[in-house]
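The values are calculated or read from the model by the stated rules, or taken from the named source; none is laboratory data. Note that the structure is a prediction, hence the values are computed from the model and not measured. Virtual Cβ from ideal backbone geometry, glycine too; neighbours counted across all protein chains shown.
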Amino acid sequence: MFTCSSCQKSFSRKDNLIRHLKNACKKVICNSSATKDLVEDFLTIIDNKADEFAEKDSGWILLNLLFLEININKFNPLRASSFIQLPPEITQRQAVVNIRNNDDYCFAWYVVAALHPPTGVDFQTSSNPHYSTVLNTTGIDFPITLRH
């Protein structure tokens, strides 16, 4: 049995754990000062795992790490554009209106959905009046951005 040290999820196969670590188990850092703390946390986890391994009477000792890969990507969650497929954990709760639009007027579609609540689970733009017939979007640039 293999367990992710970050989220404690268990896997029966090592390759499934590796796939999880590469794709699903992410850490979000909101400022650069948190990067050092996160790296220290990861090194502590590695050190603890090495100690646990050494205590199992294997006779093996971790002397050094030859390779450690850390991927850092820009994360910009506060923007709106077109439809984004939500994870099943969210869609199954049926608590979020996720309108399937293929343009940059996502915000306008959601305002229309608030004024004319859609029915069902699969929200299409055709389920509501077109935003241009309901809203006056003159002077608004789409997609909507947050100004600081």
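Residues checked against (1) within 22 Å of Q92 (Cβ to Cβ); (2) among the hydroxyl-bearing types (S, T, Y):
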position	(1), (2)
D104	no, no
V111	no, no
Q124	yes, no
H130	no, no
T133	no, yes
N136	no, no
G139	no, no
F142	no, no
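Please state which one of I61, I46, I84 is under 30 Å from F142 (Cβ atoms) and at pLDDT 75 or above. From the options I61, I46, I84, the qualifying one is I84.
Could you grab me the full set of residues in the stretch 96-111 that are surrounded by 14 or more Cβ atoms within 10 Å (Cβ to Cβ) and of a type outside the set (A, V, I, L, M)?
Going residue by residue through the stretch 96-111, those that are surrounded by 14 or more Cβ atoms within 10 Å (Cβ to Cβ) are 98-101, 103-111.
Answer for the stretch 96-111, where residues must be surrounded by 14 or more Cβ atoms within 10 Å (Cβ to Cβ) and of a type outside the set (A, V, I, L, M): N98, R100, N101, D103, D104, Y105, C106, F107, W109, Y110.
Determine if the stretch 41-58 includes at least one residue that is surrounded by fewer than 12 Cβ atoms within 10 Å (Cβ to Cβ) and under 20 Å from the mean Cα position of the chain (by Cα). No, the stretch 41-58 has no match at all.
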